[in-house]
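Asker: One structure follows; several queries about it will come next.
The values are calculated or read from the model by the stated rules, or taken from the named source; none is laboratory data. Note that the structure is predicted; figures quoted are calculated from it, not measured. Virtual Cβ from ideal backbone geometry, glycine too; neighbours counted across all protein chains shown. Accessible surface is based on the protein model in full, side chains and every heavy atom, while ligands, DNA and RNA are left aside. Shrake-Rupley method; radii C 1.70, N 1.55, O 1.52, S 1.80 Å.
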Amino acid sequence: MQLTGSQIFWEVLMQQGVDVVFGYPGGAIMPIYDALYDVEGKIHHVLVRHEENAALAADAYWRATGRVGVCMATSGPGATNLVTGIANAMMDSSAIVAITGQVASHLVGSDAFQETDMTGITQPITKHNYLVTDINDLARVLVEAFHIAKAGRPGPVLVDICKDVQQKMTEYVPVTEVNLRGYKAAKPPKKQEMPRLLSQAAQLIAAARKPIILAGQGIKHADAHAEFIEFVEKSGIPVTTTLLGIGVLNEDHPQNLRMMGMHGEAYVNNAIADADLLIALGMRFDDRVTGNLKYYAKNAQVIHVDIDPSEIGKNVPADVGICASVKDVLRDLTPMIENHAGGYRAWYARINEWRGDTKAHDVMAYELPPNMMLAPQVIRAIWEETGGDITVCTDVGQHQMWETQYFQHRRKNQLITSGGAGTMGFALPAAIGAKFGRPQDEVWAIAGDGGFQMSIPELQTVMQEKLNIKIAVINNSFLGMVRQWQELMHDRRYSSVNMTSPNFVKLAEAYGMCGMRATNVAEAREVIQRAREHNGPVLMEFVVEQETNVFPMVQPGKALNEMTRREKVPLPAAMGGGMEGVRE
Amino acid sequence: MLIDRIEASKNPTKHTLVALVENEPGVLNRVSSLFRRRNFNIDSLAVGTTNDPTVSRMTIVVDTSKTNAALVERNLYKLVNVIDVQDLSAVPAVLREMALIKVHVADNQKRSEIKQVIDLFEAQMVDMTPNSIMVELTGNEEKVDSIIKMLEEYGIKEVVRTGRIAMARG
């Protein structure tokens, strides 16, 4: 069958099961958009208002569905606008395929109008990228791109397609096989090595008295939830998760201590610092979870399982490093360990001692003047009013950390957030992508006044696509996290963090959207209820106390258990709580 | 025969990796970009074709006092265009470098002295003018270093070294 490059493009996307793409047209990708005209109905194109948000939406779509997200843009500025979103996908290992139009192949290198070297620019922020100059490569390259994006440790792949390739015709032969001799999803340990590594791991687990499991997003990517829970429950070992690992284990689970790291609860970080064995599963010891590496878990041996060989030994040396899928490892390891369910009593008792006074440091324990509302209270109200049964897309900053602390995640993969890259402006485009991935779900975007003002134009995308998304803007009139750092580390010299905002209710109205505002907790609850009852998108502004800080906090350069904590509130004796573990 | 026949480099911090890569445009850039991005310290990088026209071979020397060679190897594997990586420091291997050295010739006396050095090192004279000699030498890095040191007193005009190439024995 003779097809144009553009027709081949859409054929391959349909073959790959793509039904939605996020993009923005322009000169060098017009032939592909022209061919889209003929396949609409099979593939839905979401016209975003800025290309970065196309990439972020595609990223969130992947996280919501496990299906590769697709974004597209024209050459030059359209393509470079994708860059932040691609970098975000790289840092958080999200499988997206980014398509960019490129100038005609004979013009490549000539500084033609809207020419930018996209394969050059995106080389360090993609798993792989392609420049397609020959129509006969196009189908193969696209199939490879989808394969590479998803295989092993997922990540973004960019395909830059010259305009003449989009226009030319060729005989289309569907490509069904990927033949990449150089690409192995993981470099597996040699067959004979695996049993030895597993038995070493089992021995370390048997010998440990104070073990802890560090659970990361790799468990989601490996689709290893069932194997993980079996391992956790049989081993009896306490679990803590990374930010992106939230949701691999129900946060109500008695063994789940919840999130570790810079803004993890103090007892979690204390437990890691005191542990004699770390079992790291599908996580990468990011500096936000380790604090100063010099002092990190000094008494612990380390079992590190990751599908990416370059992560093992990168930040924390592994006593047993296994480069393989967490699913495969746990399937074989769980039968090799003793049943220790309900075990480690002394260890749990120690952790509970640390946990004892957590409530006393909780901002919720403070007596507040009426009419003052704290951001954590807004998060808690959203959690309570919705029953926690929603998909949450958070932005970056203080509210993002409070979400991890005050929203108890019970569903797997419930939280969609920008972790490694910390991309402000993520929440709204992420909610758009997530809503396409989970149309039946109640999807919330929770953002600060700073991040939200980076993505305001996408309100119109929400309207155009008639997406029922609930948008909560928590407004403290500051770039809160930066202000917090300035308060704690720069002598309260508040440099460029004062932030004014438009009237969000009127803004919502201008977009034809329902807008509401709350300034105290009672109003907040009412607004949340009304927003949920409203059949359509709602923009909610929550005006909160301006200078609340996120605690505990491991300041840069400090050891993980050297946390800055909130001053304690004297609690009635009935609420109890030991004094240990308080470190300033 | 002076310093030859030393198979492995004596410098324990110099680690040799061989990467077989797709012979495609941009692959060298991906590899060098990886080194830059990960802040890997590379002593030398030699690239050439192989008997398979679709495959190029890169010999990479890593200074392990500054860079973890295992991490270099694992990161190379992640590149889609890298087909295979061998660590030649763990196995018996032949390590070689080639150098061209242009030496100043002041007079006939010096000329015959330079010829003696060339003979001693089993090097070759590949070009001669009234006031210069070009020397070609193949050997390990120590041997190349030594002849350069020897020739320095006559006045070296130009030096080019290929960087290490290597192959496992057997």
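Asker: For the range A:317-363, which residues satisfy the criterion of being open to solvent by 10 Å² or more (accessible area, probe 1.4 Å), of a type in the set (A, V, I, L, M, F, W, C) and within 14 Å of chain B (Cβ to nearest Cβ)?
Answerer: Selection gives A:ALA318, A:CYS323, A:ALA324.
Asker: Continuing with this model, one more query. Just checking, how many residues over the range A:81-116 are open to solvent by 40 Å² or more (accessible area, probe 1.4 Å) and either touching a strand residue (DSSP E or B) at 6+ places or on another chain (Cβ under 6 Å) or not in a loop (DSSP other than H, G, I, E, B) (or both)?
Answerer: Within the range A:81-116, residues that are open to solvent by 40 Å² or more (accessible area, probe 1.4 Å) and either touching a strand residue (DSSP E or B) at 6+ places or on another chain (Cβ under 6 Å) or not in a loop (DSSP other than H, G, I, E, B) (or both) number 6.
Asker: Of all residues in the range B:18-35, how many are at the interface with chain A (Cβ under 8 Å from one of its Cβ atoms) and open to solvent by less than 10 Å² (accessible area, probe 1.4 Å)?
Answerer: The number of residues fulfilling the criteria is 1.
Asker: Is there a residue in the range A:299-313 that is more than 31 Å from the chain's Cα centre (by Cα), surrounded by 17 or more Cβ atoms within 10 Å (Cβ to Cβ) and modelled with pLDDT of 95 or more?
Answerer: no
Asker: Tell me which residues, restricted to the range A:239-255, are open to solvent by 10 Å² or more (accessible area, probe 1.4 Å) and more than 11 Å from A:GLN408 (Cα to Cα).
Answerer: Selection gives A:THR242, A:LEU243, A:LEU244, A:PRO254, A:GLN255.
Asker: Here is a list of conditions, (1) open to solvent by 60 Å² or more (accessible area, probe 1.4 Å); (2) over 17 Å from A:VAL396 (Cβ atoms); (3) under 27 Å from the mean Cα position of the chain (by Cα); (4) free of Cβ contacts under 8 Å to residues at least 60 places away in the same chain, and A:PHE504 meets all of them except one; can you say which number that is?
Answerer: (1)
Asker: Read through the list (1) surrounded by fewer than 23 Cβ atoms within 10 Å (Cβ to Cβ); (2) away from chain B (no Cβ under 12 Å); (3) of a type in the set (S, T, N, Q), then give the number of the only condition that A:THR119 fails.
Answerer: Just one mismatch for A:THR119, condition (2).
Asker: Just name the residue that is farthest from A:GLN200 (Cα to Cα) out of those in the range A:271-308 that are within 14 Å of chain B (Cβ to nearest Cβ), in contact with a Leu (Cβ under 9 Å, 6 or more places away or on another chain) and not charged (D, E, K, R).
Answerer: Among those that are within 14 Å of chain B (Cβ to nearest Cβ), in contact with a Leu (Cβ under 9 Å, 6 or more places away or on another chain) and not charged (D, E, K, R), it is A:PHE285.
Asker: Take B:GLU97 and tell me if it is more than 14 Å from chain A (Cβ to nearest Cβ), touching a residue at least 60 places away in the same chain (Cβ under 8 Å) and surrounded by 15 or more Cβ atoms within 10 Å (Cβ to Cβ).
Answerer: Criteria met by B:GLU97.
Asker: Return the only residue of B:ASP43, B:ASP84 being assigned to a strand (DSSP E or B), open to solvent by 60 Å² or more (accessible area, probe 1.4 Å), at pLDDT 90 or above and touching a strand residue (DSSP E or B) at 6+ places or on another chain (Cβ under 6 Å). Can you show your working first?
Answerer: Details: B:ASP84 fails: open to solvent by 60 Å² or more (accessible area, probe 1.4 Å).
Sole residue among the options that is assigned to a strand (DSSP E or B), open to solvent by 60 Å² or more (accessible area, probe 1.4 Å), at pLDDT 90 or above and touching a strand residue (DSSP E or B) at 6+ places or on another chain (Cβ under 6 Å): B:ASP43.
Asker: Among the candidates B:LEU20, B:LEU34, single out the residue that is within 19 Å of the chain's Cα centre (by Cα) and not in a loop (DSSP other than H, G, I, E, B).
Answerer: After applying the criteria, what remains is B:LEU20.
Asker: Moving on to the next point. Being in a loop (DSSP other than H, G, I, E, B), among the polar types (S, T, N, Q) and without any contact (Cβ under 8 Å) to a residue 60 or more places away in the chain narrows it down to one of A:ASN315, A:ASN371, so name that one. First the steps, then the outcome.
Answerer: On the way: A:ASN371 fails: without any contact (Cβ under 8 Å) to a residue 60 or more places away in the chain.
Of A:ASN315, A:ASN371, the one residue that is in a loop (DSSP other than H, G, I, E, B), among the polar types (S, T, N, Q) and without any contact (Cβ under 8 Å) to a residue 60 or more places away in the chain is A:ASN315.
Asker: On the basis of being open to solvent by 20 Å² or more (accessible area, probe 1.4 Å) and β-branched (Val, Ile, Thr), does A:THR74 make the cut?
Answerer: No, not satisfied.
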